[in-house]
Protein chains: 2
Amino acid sequence: MGKNFLSCEIYYYPQKLEIGEKIIIENEEAAHILKVMRHKVGDKIKLTDGYGYEYEFLITNINIKREKLEGEVLNKKFLPREPNITITLASSPLKGENTEIMLAKTTELGISGFLPVYFQNTITKINENKLNRLKKIAISSLKTSAGTILPKIYNPLTFDELINLFPSFDLVLLAYENCETKLTNVVNKKAKNILLIIGPEGGFTVKEVKKAEEGGAKFFTLGKRRLRSETAGIVAVSLVLYEFNNI
Amino acid sequence: MGKNFLSCEIYYYPQKLEIGEKIIIENEEAAHILKVMRHKVGDKIKLTDGYGYEYEFLITNINIKREKLEGEVLNKKFLPREPNITITLASSPLKGENTEIMLAKTTELGISGFLPVYFQNTITKINENKLNRLKKIAISSLKTSAGTILPKIYNPLTFDELINLFPSFDLVLLAYENCETKLTNVVNKKAKNILLIIGPEGGFTVKEVKKAEEGGAKFFTLGKRRLRSETAGIVAVSLVLYEFNNI
């Protein structure tokens, strides 16, 4: 790895901290710090709490066998690198590793939430194990992207339940394959809190499209080519960020 | 899989065909047609030749044991679903499966070429096996996206060799992490033949950035968050297509 990457390395600690606070880091994060990055006592590293704060942290003690380290918070700043809009990505669970790929890439991009949805054409279900795996992937991608706000991973909803949530968003966007409207023509630039819906591998049913439209969703195109669902999710998040001047 | 997907299924045959022509399809494509999709004699399927033509094809004979089928071209149309610009994506080979992920997703989006580049910070090299694997991935993604033009997979070049190729493109774009210029401000909408450069995992060196600038590359940002190289490639291709009204 080159210097650009190393100078940006950041670790996740799941609590807000204060300057001068002494904490112990264990488990996977400690293993990463000690065994992969080979940090020593006296090294300063960066932590993020997933709430927008970044900490300068001094390593004061190491137990490499037990994958444990102690240290002290030297500095604290509020530094959300995330977009000035929130994007909740609602997507069908996908086959194989595709949900993980979509979540990893869109977490790097800075989504605020990931909401698995059971559509008519959804084949894959999400269980407790998969949810936990997705939470781990979000943390690991947060670190990759030096992000500071961890996306919330929601429990799965049916599409009808999702429609009931539409009113809690400023803008509901739905990437629809049979639509030719460009995103720029449906975005309301004043929106802050966006729900972005990506369909399952088999596509939306006519009934679902109708219900979504009645619920106020705005449809937009991802181009003439047929994208896999996970690609559609990554592309759609990119375009929404671009439209809102976050890229 | 739902009906939307099935109605769009398409197979790859690596030669231009004429109406009435009788051909034999073997190997992986035949296995896909016969064993996965379970097509029978009398079924009509779609073929694409990777040159922009789509064929209606009638299955007239099947040998399921030998994974072989015969049939006849019923119809032919020129139907390029690819963008009205060509994008050659030049990227460092990446660790693990990341080159494959980037190539798969950007082939779905419709790139015309993929050019592996050895930068100063490139760690992974590409050998004959990897090149062949990439070619297979491009074919499989072409089918996924019902695309009709197969991206060319080039042999690896050094960054200096790539710079020598700059004059053969209308527009050379480089996604640079230390730059805040929005893509829209550097694109020349008259460009047709675009080279899009994505850096290696360790980033560009100062020297490379200088040389690229002298060669006429236009730098643009992918946002404040740090993206993995394969994510950067997918996002950059999406945004270029969006800027050129292909999404």
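Give A:E56, A:E72, A:E28 a once-over and let me know the one that is open to solvent by 40 Å² or more (accessible area, probe 1.4 Å), touching a residue at least 40 places away in the same chain (Cβ under 8 Å) and either assigned to a helix (DSSP H, G or I) or more than 14 Å from chain B (Cβ to nearest Cβ) (or both).
Every option except A:E72 fails the conditions.
Could you look through region A:75-84, keep only residues that are part of a loop (DSSP other than H, G, I, E, B) and either open to solvent by less than 80 Å² (accessible area, probe 1.4 Å) or of a type in the set (D, E) (or both), and pick out the one that is farthest from A:S112 (Cα to Cα)?
Once the filter is applied, the top-ranked residue is A:L79.
Among the residues that make up region B:113-121, is at least one of them assigned by TED's automatic domain parsing to the domain that holds B:I198 and closer than 21 Å to B:K16 by Cα?
Looking through region B:113-121, at least one residue is assigned by TED's automatic domain parsing to the domain that holds B:I198 and closer than 21 Å to B:K16 by Cα.
Does region B:73-86 contain at least one residue that is modelled with pLDDT of 90 or more, under 30 Å from B:A232 (Cβ atoms) and either of a type in the set (V, I, T) or in the same structural domain as B:S141 (by TED's automatic domain parsing) (or both)?
The answer is yes, given that some residue of region B:73-86 is modelled with pLDDT of 90 or more, under 30 Å from B:A232 (Cβ atoms) and either of a type in the set (V, I, T) or in the same structural domain as B:S141 (by TED's automatic domain parsing) (or both).
A:E97 passes all but one of (1) facing chain B (nearest Cβ under 10 Å); (2) open to solvent by less than 40 Å² (accessible area, probe 1.4 Å); (3) over 24 Å from A:N27 (Cα atoms); which number fails?
Among (1) facing chain B (nearest Cβ under 10 Å); (2) open to solvent by less than 40 Å² (accessible area, probe 1.4 Å); (3) over 24 Å from A:N27 (Cα atoms), A:E97 violates only (2).
Of the residues A:I123, A:I111, which is touching a residue at least 40 places away in the same chain (Cβ under 8 Å), open to solvent by 50 Å² or more (accessible area, probe 1.4 Å), under 17 Å from A:S229 (Cα atoms) and not polar (S, T, N, Q)?
Unique residue meeting the criteria: A:I123.
Working only within region B:10-32, note down all residues that are closer than 16 Å to B:K77 by Cα and of a type in the set (K, R).
If the condition is that a residue be closer than 16 Å to B:K77 by Cα and of a type in the set (K, R), then B:K16 is the only one that fits.
Scan region B:112-130 for residues that are at pLDDT 95 or above and of a type in the set (A, V, I, L, M, F, W, C) and jot them down.
B:F114, B:L115, B:V117, B:F119
Just give me the residues in region B:59-69 being surrounded by fewer than 18 Cβ atoms within 10 Å (Cβ to Cβ) and more than 28 Å from the chain's Cα centre (by Cα), in sequence order.
Scanning region B:59-69 gives B:T60, B:N61, B:N63, B:I64, B:K65, B:R66.
Working only within region B:20-45, note down all residues that are farther than 14 Å from B:K143 by Cα and not hydrophobic (A, V, I, L, M, F, W, C).
Passing the criteria: B:G20, B:E21, B:K22, B:E26, B:N27, B:K35, B:R38, B:H39, B:K40, B:G42, B:D43, B:K44.
Which one of these is under 20 Å from B:K224 (Cα atoms) and open to solvent by 10 Å² or more (accessible area, probe 1.4 Å): A:K46, A:K16?
So the residue among A:K46, A:K16 that is under 20 Å from B:K224 (Cα atoms) and open to solvent by 10 Å² or more (accessible area, probe 1.4 Å) is A:K46.
For B:V235, state whether it is of a type outside the set (S, T, N, Q) and within 20 Å of B:P116 (Cβ to Cβ).
So B:V235 passes the test.
Name the residue, out of B:G96, B:G42, that is outside the structural domain of B:T122 (by TED's automatic domain parsing) and either free of Cβ contacts under 8 Å to residues at least 24 places away in the same chain or within 26 Å of B:E128 (Cα to Cα) (or both).
Exactly one of B:G96, B:G42 is outside the structural domain of B:T122 (by TED's automatic domain parsing) and either free of Cβ contacts under 8 Å to residues at least 24 places away in the same chain or within 26 Å of B:E128 (Cα to Cα) (or both), namely B:G42.
The values are calculated or read from the model by the stated rules, or taken from the named source; none is laboratory data. In this text, all values refer to a predicted model and were calculated from it rather than measured experimentally. All Cβ positions, even for glycine, are placed from backbone atoms using ideal geometry, and neighbour counts span all protein chains on display. The protein model used for the area step is the full one, side chains on, heavy atoms only, and it has no ligands, DNA or RNA in it. Shrake-Rupley method; radii C 1.70, N 1.55, O 1.52, S 1.80 Å.
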